[in-house]
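*Asks:* I'd like to ask you about the structure that follows.
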Amino acid sequence: MQMIEDATALAARIATGELSALDATEAALSRIAGLDPQLNAFISVDAEGARATARSLDDARAKGAELGPLHGLPIAIKDVTATKGLRTTQGSTLFAGHVPCEDALSVARLRDAGAVIIGKTNTPEFAFGAVCTNRLCGPTRNPWDPERTSGGSSGGSAVAVATGMVALAQGTDFGGSVRMPASFCGIVGFRPAPGTIPEPDRPLGWGALATQGVLARSLRDARLMLSAMAGPDPRDPLSCRATPVEPVPDRPLRLAASPDLGGAFPIDAEVAAAFAEALTAVEAVLGPTTVAAPQLDGAIEAFKTLRAAESWFRSGAMVEAHAEALTPSFVWNVRQGRAISAAEYLAAEATRTRSWRAFSDFFRHQDLLVMPTCAVLPFPNARGEVLEVGGRQLGSIIDYLACTFLVSLVGFPALSIPAPRRAGALPFGLQLVVPPGREPMLWHVAERLEASGFATICPGAV
């Protein structure tokens, strides 16, 4: 296995002049040219645009301009996020030629911080699905085993980061779409609380289940990218809520651990074994854990109802007009919301509120929750979606994502970090969860674990 320089170290070398932004860009483009034909992480690569940006950044540095925190870093954007002048397909043949006139706010902030946007990464159609494939450009492959999935829906971003094609990548996370591919590819994936990264163009400003997130090879890289994207915007109501930030306590930490949130969902036997082994390593660093989980009656069905209703609101008209041109799984997902009544929707929102209160009460007595990021390990691309876990048949094609989507339901920050890798084993991620405002503790705990071996190891086979 080989280690690939993290973004923070690369940024420091560019800032001192040891490397130019163009050097870093050419290195990224060379690596993409060598690896992407096999792995299929990118839908679009903007080589000439990236070179032009890099030259402009190098000229600015030569003239003594103040450098942004991401100055010269090659960064990828998931292809559901708008990029001015660079096609944004949503992973759909319907949008194969769509070129936005404006950047999404997060992209504009990344550019302002000095990032070089290399290209757009692969995603399931409209980011629906945990298998990163679409009719437009096919499947993204896991760099640890190209016959297996990268996870989704930010699978292209995860692979681009894991293999060093880019320094950092942006993703989106509705029910686990940053965290699952981070786990499957052995990197860091952070889903912040909704509103941390503002989205002023989001139509449902008050009720967000989805948020943007970051994928990185180290925790300091994730924090670096987040610092450029985060911050309030008056057009996003969730970004304007002030949550008091709690300091890291000067006492032994109260750590809860649960493989399945108290039996809320099944997990694969290999995941259960990997989690138990990783938890032993966690306790060696942080001290004892307590087996505990919040009580979440009805939460899985509530998430599925809200997800379906939002999907129909956003995409129902398009599905009815163009179903034959769309991926069957996307059509199925959207049509689940067609028959949901207002009463059913509000009942699901009430369950969401109860679940949030259950999590909040739980964290009055616990500092942090440790759990698996995903109930399964990376599975073959040819398998499609998972319909059985641990010998139990699942009710739908999204049920195996409950590890992550139950955290999405309540909007708590969650971080996936790679567990120490066993010889010959596939990557496996630990998910660390805290309530909003407790992010300093989340990073503090994760950094202690990272220093002890919970760190990215890039796949040497590629």
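*Asks:* Could you tell me how many of the residues in segment 240-266 are at pLDDT below 95, under 23 Å from ALA299 (Cβ atoms) and of a type outside the set (Ser, Thr, Tyr)?
*Replies:* Going through segment 240-266 one residue at a time, the tally reaches 1.
*Asks:* Let me ask something additional. From GLY213, GLY207, GLY231, GLY195, which residue is assigned to a strand (DSSP E or B) and of a type outside the set (Lys, Arg)?
*Replies:* Testing whether each residue is assigned to a strand (DSSP E or B) and of a type outside the set (Lys, Arg) leaves just GLY213.
*Asks:* Would you mind finding the one in LEU67, LEU29 that is modelled with pLDDT of 95 or more and farther than 30 Å from PRO380 by Cα?
*Replies:* LEU67
Residue-wise test of (1) within 20 Å of PRO74 (Cα to Cα); (2) modelled with pLDDT of 95 or more.
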| site | (1), (2) |
| --- | --- |
| THR121 | yes, yes |
| ASN142 | no, yes |
| GLY156 | yes, yes |
| GLY164 | yes, yes |
| GLY176 | no, yes |
| PHE184 | no, yes |
| PHE190 | yes, yes |
| PRO194 | no, yes |
| GLY207 | no, no |
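*Asks:* Suppose we keep only residues that are of a type in the set (D, E, K, R) and within 25 Å of GLY155 (Cβ to Cβ) within segment 9-53. Which one would you say is nearest to the chain's Cα centre (by Cα)?
*Replies:* By that ranking, first place goes to ASP36.
*Asks:* Hey, could you check segment 151-175 for residues that are within 24 Å of GLU199 (Cβ to Cβ) and assigned to a loop (DSSP other than H, G, I, E, B) and say which is nearest to the chain's Cα centre (by Cα)?
*Replies:* Step by step, filter segment 151-175, then rank; the result is SER154.
*Asks:* In addition: Which pairs have Cβ atoms under 7 Å, sit 6 or more apart or on different chains, and link a residue in segment 70-89 that is under 10 Å from LYS120 (Cβ atoms) and without any contact (Cβ under 8 Å) to a residue 24 or more places away in the chain to one that is in a loop (DSSP other than H, G, I, E, B) and hydrophobic (A, V, I, L, M, F, W, C)?
*Replies:* Within 7 Å, no pair qualifies.
*Asks:* Considering only residues of segment 176-192 that are of a type in the set (A, V, I, L, M) and assigned to a helix (DSSP H, G or I), which is surrounded by the most Cβ atoms within 10 Å (Cβ to Cβ)?
*Replies:* If we take residues in segment 176-192 being of a type in the set (A, V, I, L, M) and assigned to a helix (DSSP H, G or I), then ALA182 is surrounded by the most Cβ atoms within 10 Å (Cβ to Cβ).
*Asks:* Let me ask something additional. Go through segment 348-404 residue by residue and tally those that are outside any helix (DSSP H, G or I), small (Gly, Ala, Ser) and surrounded by fewer than 20 Cβ atoms within 10 Å (Cβ to Cβ).
*Replies:* Final tally of qualifying residues: 5.
*Asks:* Then there is this: Mind listing whichever residues of segment 90-107 are free of Cβ contacts under 8 Å to residues at least 24 places away in the same chain and either of a type outside the set (D, E, K, R) or at positive phi (or both)?
*Replies:* PHE95, GLY97, HIS98, VAL99, PRO100, CYS101
*Asks:* Also, I was wondering about something else. Given (1) under 29 Å from ARG31 (Cα atoms); (2) outside any strand (DSSP E or B); (3) in contact with a strand residue (DSSP E or B) (Cβ under 9 Å, 6 or more places away or on another chain), identify the lone condition not met by VAL407.
*Replies:* Unmet for VAL407, out of (1) under 29 Å from ARG31 (Cα atoms); (2) outside any strand (DSSP E or B); (3) in contact with a strand residue (DSSP E or B) (Cβ under 9 Å, 6 or more places away or on another chain): (1).
*Asks:* A further question on this structure: For segment 59-82, give me the residue count where each residue is surrounded by fewer than 21 Cβ atoms within 10 Å (Cβ to Cβ) and not in a loop (DSSP other than H, G, I, E, B).
*Replies:* Looking only at that region, the number is 4.
*Asks:* Please verify whether segment 303-314 includes one or more residues that are out of contact with any helix residue (DSSP H, G or I) (no Cβ under 6 Å at 6 or more places or on another chain), surrounded by fewer than 18 Cβ atoms within 10 Å (Cβ to Cβ) and over 21 Å from ARG179 (Cα atoms).
*Replies:* Within segment 303-314, one or more residues are out of contact with any helix residue (DSSP H, G or I) (no Cβ under 6 Å at 6 or more places or on another chain), surrounded by fewer than 18 Cβ atoms within 10 Å (Cβ to Cβ) and over 21 Å from ARG179 (Cα atoms).
*Asks:* Within segment 375-411, can you find the residues that are more than 23 Å from LEU306 (Cβ to Cβ), hydrophobic (A, V, I, L, M, F, W, C) and modelled with pLDDT under 95?
*Replies:* Once the filter is applied, which keeps residues that are more than 23 Å from LEU306 (Cβ to Cβ), hydrophobic (A, V, I, L, M, F, W, C) and modelled with pLDDT under 95, segment 375-411 yields only ALA382.
*Asks:* Counting only residues that are surrounded by fewer than 22 Cβ atoms within 10 Å (Cβ to Cβ) and hydrophobic (A, V, I, L, M, F, W, C), how many does segment 30-58 have?
*Replies:* Total satisfying the criteria: 5.
*Asks:* Moving on to the next point. Within segment 108-148, count every residue that is farther than 20 Å from ALA182 by Cβ and of a type in the set (A, V, I, L, M).
*Replies:* Number of matching residues: 5.
*Asks:* A further question follows. Output the qualifying pairs, or none if there are none: Cβ atoms under 7 angstrom, residues six or more apart or on different chains, first residue in segment 268-292 and at positive phi and at pLDDT 95 or above, second residue surrounded by 16 or more Cβ atoms within 10 Å (Cβ to Cβ) and in a loop (DSSP other than H, G, I, E, B).
*Replies:* From segment 268-292, the pairs are GLY287/LEU253.
*Asks:* Could you please find all residues in segment 274-288 being surrounded by 20 or more Cβ atoms within 10 Å (Cβ to Cβ), out of contact with any Lys or Arg (no Cβ under 9 Å at 6 or more places or on another chain) and farther than 12 Å from PHE454 by Cα?
*Replies:* Result: PHE275, single match.
*Asks:* Then there's this: Output the qualifying pairs, or none if there are none: Cβ atoms under 9 angstrom, residues six or more apart or on different chains, first residue in segment 390-409 and within 20 Å of SER329 (Cβ to Cβ), second residue among the hydroxyl-bearing types (Ser, Thr, Tyr) and surrounded by fewer than 21 Cβ atoms within 10 Å (Cβ to Cβ).
*Replies:* Every condition considered, the pairs that remain are ILE397/SER329.
*Asks:* Is there a residue being touching a Ser or Thr at 6+ places or on another chain (Cβ under 9 Å), farther than 27 Å from MET180 by Cα and not acidic (Asp, Glu) anywhere in segment 79-90?
*Replies:* No; the residues of segment 79-90 include none that is touching a Ser or Thr at 6+ places or on another chain (Cβ under 9 Å), farther than 27 Å from MET180 by Cα and not acidic (Asp, Glu).
*Asks:* Can I ask one more? Those residues that are assigned to a loop (DSSP other than H, G, I, E, B) and of a type in the set (D, E, K, R), I need them from segment 280-334; list them, please.
*Replies:* Passing the criteria: only ASP297.
The values are calculated or read from the model by the stated rules, or taken from the named source; none is laboratory data. All values reported here derive from a predicted model rather than from experimental measurement. For neighbour counting, all protein chains shown are included, and Cβ atoms are generated from backbone atoms with ideal geometry for every residue, glycine included.
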